[in-house]
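One structure below.
The values are calculated or read from the model by the stated rules, or taken from the named source; none is laboratory data. A quick note: this is a predicted structure, and the numbers were derived from the prediction, not measured. All Cβ positions, glycine included, derive from the backbone under ideal geometry; neighbour counts span all protein chains shown. Just so you know, the surface numbers come from the protein's heavy atoms only, side chains and all, with ligands and any DNA or RNA stripped out. Shrake-Rupley method; radii C 1.70, N 1.55, O 1.52, S 1.80 Å.
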Amino acid sequence: MGLLEQTLKEIKPVNYSKAEAIQKRLDNLTKPPGSLGRLEELAKRYCLITGKERPLIRKKVIFTFAADHGVTEEGVSAYPKEVTAQMVFNFLRGGAGINVLARHVGAEIVVIDIGVDYDFSDTPGLIKKKVARGTGNIALGSAMDRDVAINAIEVGIELAQEHKDADIVGTGDMGIGNTTPSSAITAVITGKPVEKVTGRGTGINDLSFLNKVEVIKRAINKNRPDAQDPLDVLSKIGGLEIAGIAGIVIGAAANRIPVVIDGFISSVGALIAAEMKLEVKDYIIASHRSVEAGHSAILERLGQNPLLNLDMRLGEGTGAALGIGIIEAAVKILMEMATFDEAGVSHV
């Protein structure tokens, strides 16, 4: 049995046996019941996922996967593919948006080369897990072999296992052109028209957008991915960083670790994971709603109500960092706020 199959078998439904006790404490904190809204919901969800009634969040880890995409040859991005490697160096220097927000919430960033078309042979601080030097051009053929897709997912699973002492994890991505395979996957799995789930990514103009839509349609028609087989979809029209993110989500769920997903690309990775095993959904917390057109369709299929709507579309794990901060605040409410009896406050 391979690592992917074994890990999927280890994922169990969330145990709700402690729900009543957790809710009782939330209702007895010095406030009107439910008055802290979704913070109360998040605190309860965190406890149920981890199985801890009195949790503490100490170790926070965000995994940012980087990979290239052959479909950039079709002019689907406003930036050249060389930017992927350049941004990896920016992450490692601490100068990117994810670095700022991760520092703000006290999260560690793990940057992974899972498929960048660049030689990072002497790059301290980078996790080198290159499965391939990018994917094939999906407008002309498949993105990767099925075995390559499985290998990339298992990279994520292994990283989740290596960090199974984390109290919460987040996902992020870097890959010029990656909204194109993400839109293609969204269209195939949700059944929605390509035009409805395709956005402007890095900010392409109207002509480039029309080209992007046609490229995605060609990719789907050429590869004919099976919507009932998420591995088939991933291997034919996906990306290596999407596969790595799917692996983190699967590995986190197997270890009962809440996984906070970032925006569009991270959500596509989570979607692949959830299509492989439905119970994965209960371990996912969506950080925000991206302005990318297809994101809402994915969130709906995952049954997620995102925490924030800030018109963000950067990726990298930026939304996940903000989401982790909110979840930590929710857990602190549960742990640090006094009950009526503890505070000596009268209540009905």
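What relative contact order, as a whole-number percentage, does region 102-234 give when Cα pairs under 8 Å and 6 or more residues apart are counted? Write down the numbers at each step before the final one.
Values: 112 pairs, mean separation 29.4, N = 133.
Relative contact order here is 22 percent.
Over all pairs of distinct alpha carbons, what does the Kirkwood formula give as the hydrodynamic radius of region 133-189, in Å? Could the numbers behind the result be given before it?
On the way: mean 1/r = 0.0738 Å⁻¹.
In region 133-189 this quantity evaluates to 13.6 Å.
Tally the DSSP beta bridges in the chain and give the antiparallel ones as a percent, rounded to 5.
Working: 1 of 24 bridges.
DSSP beta bridges in the chain are roughly 5 percent antiparallel.
Checking understanding here: applying a Kyte-Doolittle mean of at least 1.6 and a length along the axis of at least 15 Å (C-alpha), which whole DSSP H helices in the chain pass? Intermediate results must be reported in sequence, preceding the final value.
On the way: long enough: 38-50 (18 Å, -0.13); 82-93 (17 Å, 0.48); 146-162 (24 Å, 0.31); 179-190 (16 Å, 0.90); 206-223 (26 Å, -0.27); 240-254 (21 Å, 2.02); 264-276 (18 Å, 1.66); 318-336 (27 Å, 1.37).
Membrane-span-like by this criterion, though nothing is claimed about a membrane: 240-254, 264-276.
Of the residues ASP113, ASP262, ASP167, which exhibits the maximal mean-square fluctuation in a Gaussian network model of the chain defined by a 10 Å Cα contact cut-off?
Sorting by GNM fluctuation, first place goes to ASP167.
Carbon-plus-sulfur fraction of the accessible area of region 27-111, 1.4 Å probe, in percent? Could the numbers behind the result be given before it?
Values: 1930 of 3650 Å².
Carbon-and-sulfur percentage of accessible area, whole number: 53.
Given the protein chains as shown and a 1.4 Å probe, how many square angstrom of ASP27 are accessible, to the nearest 10?
It works out to around 60 Å².
Using the alpha-carbon centroid of each, what span in Å lies between region 23-71 and region 141-198?
When both Cα centres are located, 23 Å separates them.
For a quick check of understanding: with a 1.4 angstrom probe and all protein chains in place, what accessible area in square angstrom does ILE326 have, to the nearest ten?
50 Å²
So between LEU140 and GLU300, what do we pick up on full extension, going 0.36 nm a residue minus the alpha carbon distance?
Working: separation 160, 0.36 × 160 = 57.60 nm, distance 3.06 nm.
Stretched out fully, the LEU140 to GLU300 stretch lengthens by 54.5 nm.
Accessible area of region 121-271 with a 1.4 Å probe: how many percent of it is carbon plus sulfur? List each step's numbers first, then the result.
Working: 2390 of 5090 Å².
Carbon and sulfur atoms account for 47 percent of the accessible area of region 121-271.
Quote the charge dipole size of region 103-143 about the Cα centre in Debye, to the nearest 20; the model charges only the Cβ of Lys and Arg (+1) and of Asp and Glu (-1). Each step should come with its number before you reach the end.
Values: 5 positive and 5 negative charges, 22 e Å.
I would put it at about 100 debye.
Please report the accessible area of VAL131 (heavy atoms, 1.4 Å probe, ligands and nucleic acids excluded) in Å², nearest 10.
40 Å²
So which of LYS24/LYS60; LYS164/LYS217; LYS52/LYS130; LYS128/LYS192 end up more than 31 Å apart, counting from Cα to Cα?
On the way: LYS24/LYS60 27 Å; LYS164/LYS217 40 Å; LYS52/LYS130 36 Å; LYS128/LYS192 36 Å.
In this structure, LYS164/LYS217; LYS52/LYS130; LYS128/LYS192 exceed 31 Å between Cα atoms.
Of (i) 23.7, 91; (ii) 20.1, 70; (iii) 19.0, 62, which is the value of Rg and Dmax of the Cα atoms in Å derived from the coordinates here?
(ii)
Given the -39500 (n - 2.57) contribution per DSSP H run of 4+ residues, what per-residue ellipticity at 222 nm results for the chain, rounded to the nearest 500 deg cm²/dmol?
-15000 deg cm²/dmol
Leaving out ligands and nucleic acids, note down the accessible area per residue over the chain with a 1.4 angstrom probe, in whole Å².
On the way: 14020 Å² over 348 residues.
Ligands and nucleic acids excluded, the figure is 40 Å² per residue.
According to the Kirkwood expression over distinct Cα-Cα pairs, how big is the hydrodynamic radius of region 76-129, in Å? Numbers along the way, then the final one.
Numbers: mean 1/r = 0.0825 Å⁻¹.
After inverting the pairwise mean of 1/r, the radius is 12.1 Å.
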